[in-house]
Amino acid sequence: MTKTNAGRFFEDYAVGDVISHAVPRTISGGERAMYHALYPARGALYSSDEFARASGLPASPVDDLITFHTVFGKTVPDVSLNAVANLGYADGRWVLPVYPGDTLTSESEVIGVKQNSNGKSGVVWVRTTGRNQHGAAVLRYVRWVMVRKRGEGGAPETVVPELAKTVAPSDLVVPTGLNFEAYNFNLAGEPHRLGDYQVGEIIDHVDGVTVEEAEHMLATRLWQNTAKVHFDATNRADGQRLIYGGHLISLARALSFNGLANAQMIVALNGGAHVNPCFAGNTVRAWSEVLDVAETDAPGVGAIRLRLVATKGACGELRGEDGKYLADVLLDLDYWALMPI
Amino acid sequence: MTKTNAGRFFEDYAVGDVISHAVPRTISGGERAMYHALYPARGALYSSDEFARASGLPASPVDDLITFHTVFGKTVPDVSLNAVANLGYADGRWVLPVYPGDTLTSESEVIGVKQNSNGKSGVVWVRTTGRNQHGAAVLRYVRWVMVRKRGEGGAPETVVPELAKTVAPSDLVVPTGLNFEAYNFNLAGEPHRLGDYQVGEIIDHVDGVTVEEAEHMLATRLWQNTAKVHFDATNRADGQRLIYGGHLISLARALSFNGLANAQMIVALNGGAHVNPCFAGNTVRAWSEVLDVAETDAPGVGAIRLRLVATKGACGELRGEDGKYLADVLLDLDYWALMPI
Amino acid sequence: MTKTNAGRFFEDYAVGDVISHAVPRTISGGERAMYHALYPARGALYSSDEFARASGLPASPVDDLITFHTVFGKTVPDVSLNAVANLGYADGRWVLPVYPGDTLTSESEVIGVKQNSNGKSGVVWVRTTGRNQHGAAVLRYVRWVMVRKRGEGGAPETVVPELAKTVAPSDLVVPTGLNFEAYNFNLAGEPHRLGDYQVGEIIDHVDGVTVEEAEHMLATRLWQNTAKVHFDATNRADGQRLIYGGHLISLARALSFNGLANAQMIVALNGGAHVNPCFAGNTVRAWSEVLDVAETDAPGVGAIRLRLVATKGACGELRGEDGKYLADVLLDLDYWALMPI
């Protein structure tokens, strides 16, 4: 009998199952420093205790994507070890900031299953919740993956969850105390406030980063993500290591500082797709499209809904005439961030 | 007169000499984050303050191999700068956990010397002790190296220390307060307790990691290990940088989580050999063999003795018909770890 | 209208302008761990809280070059995004140590402008000040860069600041409380005190490091330095990424431990030039020349003025017969450090 984790197959998921994921993790200033070395992240709220205090928070939280990757990484051994594809995200909500010293755990509920017509795989939907050491939720999101079947058995009853296309502005959770009335645009790096952005506006983030093997592996391990394809060059016929999709999310988000320096806190993930694989040696650029703007109840705080695209190609190019994503596009993400009004 | 450290030669060691090594080092959460980025380390006790507290410790200690590498690194300028080979380890004992904020120093006593018959080199045995800021020992181990002679002088009297082949179970030091009675196997990542392992059992840890130059250099510098061969591509005729053996120890140990997630604390190093060199581009895998099991006095805590092998080859293959290590084998380590019973 | 930072051009600088740079940054033990992984830094005062306390400081400060890079990095978007060349440094003074938990900001005053005779670019001098969360200056230095002109307009009145060739010993600021009377040379790593160094002495630091792309990019991002040339392999015709000059400064300084272990605190930067570009794959070595020695008022504390050279070539070789720097030389730095007398 093997003692190693073979991962779950499609048959191992039933709607209503709750999976408590392994390896709780205490975050320190070390994770933040690594994050800032791995990505060109420059958000003032996430760089400076003083700036965070001036914004009504007790200290600088860790970057929201540290929370996402940490919570997500724990789900990999239980959810995506035998995944054929990571199909999508929906209804992601950051509901409590995470600070150095906090310990995160992760739990997923199976909310949908649908066997594919080929009978060899199926789609599984899970709603994952990350919690801190007090048991308080810090992040919730839905993800669905295509998973191999173990055998030839029959199909379970299909359950496809209804998922809102976007998180409604009224459902955005603004951290208690957050206040951008005395926001220092100069220290934050750019003068643009929410009113300066137009729905439909495209922002070219200009900078590019050529990705190295050591970098994406350092990142992926930091989140205790164990998927073999990211680390083992013998795993694919072409000898390439597939870069963890979350590495692209963080890279693109960090690049978007240049033009969106004031899109400070990520509060919702409306959807997202890892469109094409990324490999070491690729030079990654990013552009954003303003999809919506909204008010919040917090003083001086508005919300901006953004499409964030990571690409090896040109700004603004997303799909071909056939409606399919272009080959250069790596990531298409839809999120809400908080911005001073 | 040169001011740089030329290192010691065989003639510079006399049995009874005590060498106090340079550069005390304060460990922080930063070292832990780097460690978790460098290796796929996932031990719950070393990831979460909450899990550690539930196990009777005041907080999450740093990974035991951080202690080992830090203490070892300090000995390099005094012990192995002119080493021809790192021959072995024995009688290693972790006697006190190390926490962020602790400051480590390192000291070695020469306990054996034996000139080689060629008259050009000799073997030196040292017992190294790592201590924290209170002067309390945290780690002790014996290591022996082959060192070049400076000149043609006569041989010193041969002293070969008697070293036990393994640390006896009764000599294992369990950290004060450690208690695995309420151990959460689900959070730890695997259900297997000590009773589930059979002596002789082989565990294939399945995953592989293809090693990069930047990674092993980051690691080796982090431990302030200064040996030239790890950093300088002009140092060998083939232009390759030799990977620090300790990098392999940590990599293999981290890979062994998959099948040995509950082998939490390393408490003894019985022996070990760096069998073949490892270079960037190699894909490293690991397997373990259960060598022994034992009881301890701590509640719920048992001990498991493991052979840990790092290899470029197949699980379970160690030596050829001639009794020699196979060319693919990189590391053969023998250690005791604490595991819930 | 673009929202991304196009950087300033020569016309955008007027003598007397004060630029408050963006993104304040809180430093933690994470930044120190990353620094010690990136460079072979081993200064005892910067590694150990205990050693620092024995020297009269409250704890171990972060390496002085962490302060430098952090303060410098913030100036890049405002000062050197359109720079053609980084021409020099002068009058650099570290005036207060930085500890984990401190938050740094950066401000520059334009103190000189001089249009080039070609009318297409000009030289700008700025005096940059880094401050902590209490508003106290921690570092001041002058840097001058050649910046492109936006247009064809006329030249501003030339102002060339008078800059001392070196910081006078009487202007060196020794941290309050620093005391080397009980300095432990053994723990520091070398026996040489100030009196052991002769003006004119050349020290070969012996060790070499072959630089990797991932390393210099991790470092450069850690300081939130955004210059495109360091990250984007498509930016130059030859596909190479230019290594941030500060990476060389830190690498050479760390290598200089071997022979200058007791040159503990950098207190002044007299001047410096990035002589030739460095690329991944280069093997970097370092040598130092003792330029001067001086007393200070602090007990047991002297000052040593050093030329620090990073090179791909041989120790002691700096300029050719034509007086120009040799092609192998990468960095020529002139600084003051504090050393036990």
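Since every read-out is calculated from the coordinates, none of them should be taken as a lab result. Just so we're clear, the structure is a prediction, and the values are computed from it rather than from any experiment. Every residue, glycine among them, receives a Cβ derived from its backbone with ideal geometry; neighbour counts consider all protein chains shown.
Counting only lysines at least 8 places from A:Lys74 when in the same chain, those with an alpha carbon closer than 18 Å to its own are A:Lys228. Compactness of the stretch C:33-103 was expressed as the Cα radius of gyration divided by 2.2 N^0.38 Å, which yields 1.33. Taking a ≥ b ≥ c as the square roots of the eigenvalues of the Cα gyration tensor of the stretch C:266-341, is the shape rounded (a/c under 1.5), prolate (a/b larger than b/c) or oblate? Judged from the Cα gyration tensor, the stretch C:266-341 comes out prolate (a/c at least 1.5, a/b above b/c). For the stretch C:304-312, 3J(HN,Hα) computed residue by residue from phi via the Karplus equation (6.51, -1.76, 1.60; θ = phi - 60°) reads 10, 9, 10, 8, 10, 10, 9, 8, 8 Hz, glycine and proline entered as x. Copy-to-copy label distances for B:Pro191, where each label lies 7 Å from Cα along Cα-to-Cβ, are 6.4, 6.4 nm in order of increasing length. Candidate cross-link partners of B:Lys3 among the aspartates and glutamates, defined by an alpha-carbon separation under 17 Å and a same-chain spacing of 8 or more, comprise B:Asp78, C:Glu190, C:Asp196, C:Glu201, C:Asp204, C:Asp207, C:Glu289.
When you work out D = kT/(6 pi eta Rh) for chain A at 20 °C and 1.002 mPa s, using the Kirkwood radius from C-alpha pairs as Rh and the Stokes-Einstein form, the result is 104 µm²/s.
Quick check: net charge around B:Ile341, other residues with Cβ under 11 Å of its Cβ, Lys/Arg +1 and Asp/Glu -1? Residues close to B:Ile341 contribute a combined charge of -2. Dividing the summed -39500 (n - 2.57) terms of all DSSP H runs of n ≥ 4 by the residue count of the protein assembly as shown sets its mean residue ellipticity at 222 nm at -4500 deg cm²/dmol.
Note on B:Asp322 and C:Glu109: the model spin-label points, each 7 Å out from Cα along the C-beta direction, lie 7.6 nm apart.
Placing a label point 7 Å from the Cα of A:Tyr99 along the Cα-to-Cβ line, the residues of the stretch B:36-78 whose backbone N sits under 18 Å from it are B:49-50. Note that the stretch A:255-264 has calculated 3J(HN,Hα) couplings of 4, 6, 3, 6, x, 9, 4, 9, 7, 6 Hz, one per residue in order, obtained from phi through the Karplus relation 6.51 cos²θ - 1.76 cosθ + 1.60 (θ = phi - 60°); glycine and proline are x. Using a cutoff of 8 angstrom between alpha carbon atoms and counting only pairs six or more residues apart, the relative contact order for chain A works out to 19 percent. Summarising the amide proton neighbourhood of C:Thr26: residues at separation of 5 or more, or on other chains, whose placed amide H is nearer than 5 Å comprise A:Ser48, A:Asp49, C:Leu104. Amide H contacts for B:Ile19 (H built 1.01 Å from N in the peptide plane; partners 5 or more residues away or on another chain; cut-off under 5 Å): B:Ser108, B:Glu109, B:Val110. Compactness of the protein assembly as shown is given as radius of gyration and Dmax, 28.7, 86 Å, from Cα positions.
Over all other residues within a Cβ to Cβ distance under 11 Å of B:Glu109, the charged ones net out to 0, with Lys and Arg as +1 and Asp and Glu as -1.
For the stretch C:46-177, the alpha-carbon coordinates run over 59, 30, 23 Å along the three principal axes, in decreasing order.
What separates the B:His134 label point from its copies, with the point 7 Å along Cα to Cβ, is 3.1, 3.1 nm, written shortest first. Evaluating 6.51 cos²θ - 1.76 cosθ + 1.60 at θ = phi - 60° for every residue in the stretch B:38-44, the Karplus couplings come out as 7, 10, x, 6, 9, x, 4 Hz, glycine and proline recorded as x. Each Lys or Arg adds one and each Asp or Glu takes one away; over the other residues whose Cβ falls under 10 Å from the Cβ of C:Ala33, this sums to 0. The stretch B:172-250 and the stretch A:146-209 have Cα centres separated by 37 Å. Cβ-to-Cβ counts within 10 Å put C:Asp232, A:Asp78, A:Asp322 in ascending order as A:Asp322, C:Asp232, A:Asp78, the fewest first. If amide H atoms are built 1.01 Å from N in the plane of the peptide, which residues on other chains or at least 5 residues away come under 5 Å of the amide H of C:Asp292? Amide H neighbours of C:Asp292, under 5 Å, 5+ apart: C:Arg305.
Inter-copy label distances at C:Arg150, using a point 7 Å along Cα-to-Cβ, come to 6.7, 6.7 nm with the shortest given first. Taking the centroid of alpha carbons for each part, the stretch A:81-121 and the stretch C:96-133 are 47 Å apart. Here's the list of aspartates and glutamates a cross-link from A:Lys324 could span, going by alpha-carbon distance under 15 Å and ignoring same-chain residues fewer than 8 apart: A:Asp332.
Working note: Cα atoms of the stretch A:3-44, range along each principal axis, descending, whole Å: 45, 25, 16. Label-to-label distance for A:Lys120 and A:Val199 is 4.4 nm, based on points extended 7 Å past Cα in the beta-carbon direction. Each of C:Ser170, A:Ser48, B:Ser121 was scored by other Cβ atoms within 10 Å of its Cβ. Listed from fewest to most, they are C:Ser170, B:Ser121, A:Ser48.
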